[in-house]
Amino acid sequence: MREQATATARKIITDIELQKHLMFYRNLLDSLPEGVIIADGDLNIISVNEPSETILNISRRKTVGEHISRFLPEEITNLCTRAVNEERVVQENDLLFRISKDSSINVECTVSPIHGNDGKMSGLVIQIRNTEKMNMMSIISRNCSLEENYETLVRGLAHEIRNPLSGIKGAAQLLKGTLSKTEKNRCSKIIIKEVERLKDLVDRLVKPSSVSTQHLMSVDINEILIDIIFLESNLRKNIKFKHKLDITIPPIPGDYNSLKQVFINIIQNAVSSIKGKGQITVSTKWVTDYKIRNKHTVLISVKDNGTGIEKKDLKKIFTPFFSSKKKGTGLGLFISSQVIAKYGGIITAESAEGTGSEFKIQLPAS
């Protein structure tokens, strides 16, 4: 009996140690900046790290055990087949990965065989990097002169400052009209919030280190959207605003001002795409069958029936300084994509010229 108990205890200790090792290697893969997918020799997925979920808009919970061809494009599947057949590292530097019907990104893919102690190949490591995701300041420093850097900085600041000022102006204009006491209180609160946003921006300019030390707070996404819709719907009488907000969604960990900037950018882009009368629908909902960073997500959708985005422009809209507007800075959607990525989320756009656009944002819930 004693020997059996000892053997059982040893097995439990071994299982615990194994779990610790597995958790260590999982955390290690999740901490990498690039997507890493591990597959067996038959190209069935064994493991997917967190950056893969963000870059490729896939869920590791759904992918594990499935063949890679179900979730990765044909070019990457062919690359994996080559690595298996030739038993060597293969790489492609410019592959188009389609995230949704009308949205895609360029990726670099490296596939490396895994060999066991016996020298036989037992699987593959697939490394995927988003080649479009570049730091804005590195682009500026590489391509711009000092004078152009200054101009870029001013344009960026103008874009950041313009939105809070527009909110203050809009709320002040509404206060001049005939409003109920409740609506006047709401306008006053919006003005105070927008002034605080401006103060926060100035503080960050005076003391840049405050950006890196920003602490995450619980942000009510519905509250942000309701404020924006209230202002825009009262100021834009030619546009009908509809909202379908799920009151059960939890707060999002993030910075209130940064996230508000994102949704103002996207909703105002929808407004500017509508010529004459139109409609904008804003919705939020739980996404329970999909996870980012091992957390369920909140989906925010902004859909309009405006002029839409040309197909050739759709893949450029999140790049810095690209704008189809005459007076656009080309920074709104770029800044928005950077903020969403900072909080571990995903932003995509679907559009057809002449029928409107839909922007979707998924953020990990707290």
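Worth a mention:
- Violating pairs (Cα-Cα greater than 26 angstrom) within the set Lys277/Lys311; Lys260/Lys311; Lys193/Lys315; Lys295/Lys316; Lys275/Lys312; Lys189/Lys295: Lys260/Lys311; Lys193/Lys315; Lys295/Lys316; Lys189/Lys295
- Each peptide in 185-195, 81-91 was scored by the mean count of other Cβ atoms within 10 Å over its residues; highest first, the order is 185-195, 81-91.
- Least to most buried among Val219, Val64 (fewest other Cβ within 10 Å first): Val64, Val219
- Label-point separation in nm, Arg236 to Thr319, each point 7 Å along Cα→Cβ: 2.7
- Estimated D of region 252-318 in µm² per second, where Rh is the Kirkwood radius over Cα pairs and Stokes-Einstein applies at 37 °C, 0.692 mPa s: 233
- Put in line by how crowded their Cβ is, counting other Cβ atoms within 10 Å and starting with the fewest, Asp30, Asp227 read Asp30, Asp227.
- Taken along the Cα-to-beta-carbon direction at a fixed 7 Å, the label points for Arg82 and Thr355 span 3.6 nm.
- Computed 3J(HN,Hα) for region 38-48, one whole-Hz value per residue from the Karplus formula 6.51 cos²θ - 1.76 cosθ + 1.60 where θ = phi - 60°, is 10, 10, 7, x, 8, 6, 8, 6, 9, 8, 9, glycine and proline marked x.
- Region 32-130 - charge dipole about Cα centre, Lys and Arg +1 at Cβ, Asp and Glu -1, debye rounded to 20: 260
- Overall form of region 32-130: prolate. Here a/c, set by the Cα gyration tensor axes a ≥ b ≥ c, is 1.5 or more, and a/b is the larger of a/b and b/c.
- Across region 248-260, rounded Karplus estimates of 3J(HN,Hα) from the backbone phi angles (6.51 cos²θ - 1.76 cosθ + 1.60, θ = phi - 60°) give 8, 5, x, x, 9, x, x, 9, 3, 5, 5, 5, 5 Hz, Gly and Pro being marked x.
- In plain terms, the chain from Ser188 to Lys62 could stretch by 40.7 nm, reckoned as 0.36 nm per residue minus the Cα-Cα distance.
No value in this document is a laboratory result; all are computed from the given coordinates. Computed from a predicted model, the values in this text were never measured in an experiment. Here the Cβ is made from the backbone with ideal geometry for all residues, glycine too, and neighbour counts use every protein chain on show.
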